[in-house]
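S.K.: First, the structure itself, so that you have it in front of you.
The values are calculated or read from the model by the stated rules, or taken from the named source; none is laboratory data. These figures come from a predicted structure and were not determined experimentally. A quick note on method: Cβ atoms are made from the backbone with ideal geometry, for glycine too, and the neighbour counts reach across all protein chains shown.
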Amino acid sequence: MDEIADQAPPSDPGNAEAGAGETARVQQRGQWANRTEFVLSMTGMIIGVGNLWRFPYLCFKNGGGAFFVPYFILLIFVGLPVFFLETAIGQYTSEGGVTAWRKMCPMFEGIGIASQVLVLYVNIYFITVLSWGFYYLFNSFRNPLPWTTCDNIWNTGLCKNMSIGDNSFLYNFTEDNYYENERDLHFESPEREFWEHRALGRTESLTEGLGLVRWDLALCLLLAWVICYFCIFMGVKSTGKVVYLTATVPFLLLFVLFVRGVSLPGSWDGIVYYLYPDFSKIGRPQVWFDAATQVLYSYSMSQGVLTALGSYNKYNNDCYKDCIALCVLSSVTSIFAGLAVFSIMGFTAHALGVSIPEVTSSGIGLAFISFPKALALLPGAQFWSVLFFLMVLFLSVDSQFLCVDSLCTAISDMFPGVLRGPGRRELLSLGVVVFCFLLGLPLVTNGGAHVFQLMDNYGANAVCMLFIVCFETLVIGWVYGADRFYDNIEDMIGYKPYPVIKYCWLFVTPIICVFMLSYSITEVQNYTEEWLVLGLGSLMMLLSMMCIPAYILVRLCKSNGTDITAASADLRQARPHKPRLTLCRRVIFPGRTASHREAEEEKLVGEHTSRF
């Protein structure tokens, strides 16, 4: 199998000239230097800050260990099938997120375009997390930490400071409990005031306008983009080397924080709180929706990134085993990150004499309010703060530059004649970076946090992702043909994947997506800025979702009687005359009629593949 893995994809029977042209194109496009680069790139993409702050909070919110039940069910029936589908499409076609769908089924090229709209949103707003991480990292070298006191110019009269002993873990509070004061008497913690007033300079609402650019954050944003550019400017040649560092260091830093966390008093109370199951909650639809969104976000689905990364593989790489291993790794990392987070949250609650829910925040607040508060209680607080924010940066940076790289890959594959010449990839990467940096400047203004929340809630949100995933599985299963794609996969890796994945593509995954979409539409939510947020948010969602039906209409208008669902003739089909789809031994969609010579050639190809 190792010998086959180093070969270029064999030419299509009866179409040797086209096969040779395809091989030349793939060689010009570039490939991973080895399998390790691919695995590390995928690891860096799917293991990010969401594993650190989203998964633990969802467990805490949705029944502790009981949340693992819907999470793993949806991982098996949605996560793994779609993760493998998108990766295999990239490896099979050797194309980016748009042109891969153009080759598989021209009528549904809009799926690829919609995915690039989502990844553009992510490229613009997610890097703000990096700028915040740099800002906190630089401030972590100050003594005392600026978010631990109320004596700064950004603090208000509502700031309530703790009375902290230099090396003490336990503090005896009076009945005027610190957190009760913050809740009942409207006091603010110094950590929250640093975040709200110093780091963000946050306005009350988006309707007040964006305000001025905060140049300290803007410089941090520029630094983040400079780093991203030098990670991707040469395409796969530079990306494949950088991931050796960015994909491995977070595991070391997370392990160090875990070991420190479990050594603290009260840590096991936090871990028990995190893992103790409350099965009464798993009957709620919201719990299952949260599990579905966690699977979608953590595995970076529907954004074209998996397709782009898979497209740089050698034709015979065993992407099936890689995908299974990566899904297991991501899930185990999420659970392990929860142990690290809640061990420290348990210590914080123990040290301050409060309950664990009172010291636990969701999302961004966990990283920039709760954790700084907890780490400030430790001896050597500056060291632990630096360590933590380094981990946040490493978790964020590879996800960010791989998203940017996938967008560059999609654009260069759409215009290969223009963008694949010497030095053109560097210019394309620079153009994308500058464009996204300029569009991201509103996120580092006084109202930037509201823009971030708007893009996070409505840009690359769960509804858009479910919509795209539903179309992906339906098109591969029922239009291109699940059996035909299984034959393509067998031709690549030497064997067919477990049959349940085929039925997930055909039935299970689309049905789950439809149910989740129905729930999200019927769920009533309260918006404090309804007229502006709903208007801008709806527009952002429509820009991605409408790409699919709009492109179908365009293709229908330009078809002139041609078959707009037919796969490209450039794609290798080892068994083009087998049925595209069979169910219960009945042929649903037949393949092409084979001549006697073609049937003999297919038989020889099948015998060659079966030996591996």
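S.K.: Look through region 114-137, keep the residues that are under 21 Å from F194 (Cα atoms) and either of a type in the set (S, T, N, Q) or without any contact (Cβ under 8 Å) to a residue 40 or more places away in the chain (or both), and return whichever of them is surrounded by the most Cβ atoms within 10 Å (Cβ to Cβ).
M.R.: S131
S.K.: Can you give me the ranges of the helices (runs of 4 or more DSSP H) entirely in region 359-434 with at least 2 residues that are buried (at least 22 other Cβ atoms within 10 Å of the Cβ) and either of a type in the set (D, E, K, R) or out of contact with any Pro (no Cβ under 7 Å at 6 or more places or on another chain) (or both)?
M.R.: 371-375, 381-414
S.K.: Counting only residues that are modelled with pLDDT of 95 or more and farther than 19 Å from C547 by Cβ, which one in region 446-479 is surrounded by the most Cβ atoms within 10 Å (Cβ to Cβ)?
M.R.: Looking at residues that are modelled with pLDDT of 95 or more and farther than 19 Å from C547 by Cβ, I get G477.
S.K.: Exactly one condition in (1) surrounded by fewer than 11 Cβ atoms within 10 Å (Cβ to Cβ); (2) over 30 Å from the mean Cα position of the chain (by Cα); (3) at pLDDT 75 or above is false for A574; which is it?
M.R.: Going through the list (1) surrounded by fewer than 11 Cβ atoms within 10 Å (Cβ to Cβ); (2) over 30 Å from the mean Cα position of the chain (by Cα); (3) at pLDDT 75 or above, A574 breaks only (1).
S.K.: Please indicate, with yes or no, whether at least one residue in region 74-96 is of a type outside the set (D, E, K, R), closer than 26 Å to P285 by Cβ and either free of Cβ contacts under 8 Å to residues at least 12 places away in the same chain or in contact with a Gly (Cβ under 9 Å, 6 or more places away or on another chain) (or both).
M.R.: Let us first name the residues in region 74-96 that are of a type outside the set (D, E, K, R), namely 74-85, 87-94, 96.
Imposing the further condition that a residue be closer than 26 Å to P285 by Cβ reduces the set to 74-83, 85.
Cutting the leftovers down to either free of Cβ contacts under 8 Å to residues at least 12 places away in the same chain or in contact with a Gly (Cβ under 9 Å, 6 or more places away or on another chain) (or both) gives us 76.
Within region 74-96 (the criterion being of a type outside the set (D, E, K, R), closer than 26 Å to P285 by Cβ and either free of Cβ contacts under 8 Å to residues at least 12 places away in the same chain or in contact with a Gly (Cβ under 9 Å, 6 or more places away or on another chain) (or both)), the answer is yes, since at least one residue qualifies.
S.K.: State which residue is modelled with the lowest pLDDT when the search covers only region 121-159 and only residues that are of a type in the set (S, T, Y) and assigned to a loop (DSSP other than H, G, I, E, B). Lay out the reasoning, then the answer.
M.R.: Taking region 121-159 as the starting set, the residues that turn out to be of a type in the set (S, T, Y) are 121, 125, 128, 131, 135-136, 140, 148-149, 156.
Those left that are additionally assigned to a loop (DSSP other than H, G, I, E, B): 140, 149, 156.
Details: S140: 96, T149: 89, T156: 86.
Ranking the qualifying residues of region 121-159, first place goes to T156.
S.K.: Quick check on this structure: which one of G112, G19 is of a type outside the set (S, T, Y) and at pLDDT below 95? Step through it out loud before you land on a result.
M.R.: Working: G112 fails: at pLDDT below 95.
Answer to the check: G19.
S.K.: Looking only at residues in region 543-566 that are assigned to a loop (DSSP other than H, G, I, E, B) and touching a helix residue (DSSP H, G or I) at 6+ places or on another chain (Cβ under 6 Å), which one is nearest to F589 (Cα to Cα)? First the steps, then the outcome.
M.R.: Taking region 543-566 and keeping what is assigned to a loop (DSSP other than H, G, I, E, B), we get 546, 558-566.
Among the residues that remain, those that are also touching a helix residue (DSSP H, G or I) at 6+ places or on another chain (Cβ under 6 Å) are: 564-565.
Details: I564: 16, T565: 13 Å.
Among residues in region 543-566 that are assigned to a loop (DSSP other than H, G, I, E, B) and touching a helix residue (DSSP H, G or I) at 6+ places or on another chain (Cβ under 6 Å), the one nearest to F589 (Cα to Cα) is T565.
S.K.: Please determine, by comparing only the residues of region 526-552 that are under 30 Å from D487 (Cα atoms) and of a type in the set (A, V, I, L, M, F, W, C), which one is surrounded by the fewest Cβ atoms within 10 Å (Cβ to Cβ).
M.R.: We begin by selecting, within region 526-552, every residue under 30 Å from D487 (Cα atoms); these are 547-549, 551-552.
From what's left, of a type in the set (A, V, I, L, M, F, W, C): 547-548, 552.
Numbers: C547: 21, I548: 21, I552: 15.
So the residue we want is I552.
S.K.: Could you list all residues from region 248-267 that are part of a loop (DSSP other than H, G, I, E, B) and buried (at least 19 other Cβ atoms within 10 Å of the Cβ)?
M.R.: Matches in region 248-267: L264, G266.
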